[in-house]
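Questions regarding the structure given below will be posed in turn.
The values are calculated or read from the model by the stated rules, or taken from the named source; none is laboratory data. Note that the structure is a prediction, hence the values are computed from the model and not measured. Ideal geometry is used to build each Cβ from the backbone, glycine not excepted, and the neighbour counts take in all protein chains shown.
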Amino acid sequence: MKYLLLCFLSFSLSSCGGKEVFKNTKYPTGQNLYFSKCGGCHQIYDRDRYAPAAWDTLMNEMAEKSKLTIEEKNQILTYLKER
Ligand code: HEC
């Protein structure tokens, strides 16, 4: 959480491995989880960069890396696959 706050503070300097791509979403919880759980190792990828089916495959690997619970994984996936 502290890290996330620092990210916001230094947002204009575009640090923290790239800009976070905010979307209008019906699933803000999924979006928040995505930003907080998935931005630690690499940039936050735009969800439109991958097709919904591709996210399924990617998330199997990345959920493990992020040590997500099943519920967190599903919430992030729902957000990533929203179009
Ligand atoms: C422990 C570090 C770590 C965490 C946490 C992590 N990733 Fe990754 N991610 C990687 C590494 C390393 C790669 C590149 C190598 C690979 O594909 O395994 C990668 C690659 C990716 C790629 C593919 C990028 C490309 O250009 O092919 C996507 C998309 C991605 N991660 C999404 C996520 C999502 C979504 C989450 C959160 C659920 C997440 N990552 C959490 C380490 C991490």
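When only residues in segment 37-82 that are touching a residue at least 40 places away in the same chain (Cβ under 8 Å), in a helix (DSSP H, G or I) and not aromatic (Phe, Trp, Tyr) count, which is nearest to PHE22 (Cα to Cα)?
Taking the candidates together, the pick is LEU80.
Of all residues being surrounded by 12 or more Cβ atoms within 10 Å (Cβ to Cβ) and in a loop (DSSP other than H, G, I, E, B) in segment 9-19, which is modelled with the highest pLDDT? Just the residue, please.
LYS19
Inside segment 64-82, can you point out the residues that are surrounded by fewer than 11 Cβ atoms within 10 Å (Cβ to Cβ) and either near the ligand (Cβ under 10 Å from one of its atoms) or modelled with pLDDT under 95 (or both)?
GLU64, LYS67, listed by residue number.
Taking into account only those residues within segment 17-43 that are touching a helix residue (DSSP H, G or I) at 6+ places or on another chain (Cβ under 8 Å) and of a type in the set (Lys, Arg), which is farthest from the ligand (Cβ to nearest atom)?
LYS19
Moving on to the next point. Could you please find all residues in segment 20-31 being surrounded by 15 or more Cβ atoms within 10 Å (Cβ to Cβ) and within 19 Å of MET62 (Cα to Cα)?
If the condition is that a residue be surrounded by 15 or more Cβ atoms within 10 Å (Cβ to Cβ) and within 19 Å of MET62 (Cα to Cα), then GLU20, VAL21, GLY30, GLN31 are the ones that fit.
Ok, one more. Go through segment 44-63 and count every residue that is near the ligand (Cβ under 9 Å from one of its atoms), surrounded by fewer than 15 Cβ atoms within 10 Å (Cβ to Cβ) and of a type outside the set (A, V, I, L, M).
2
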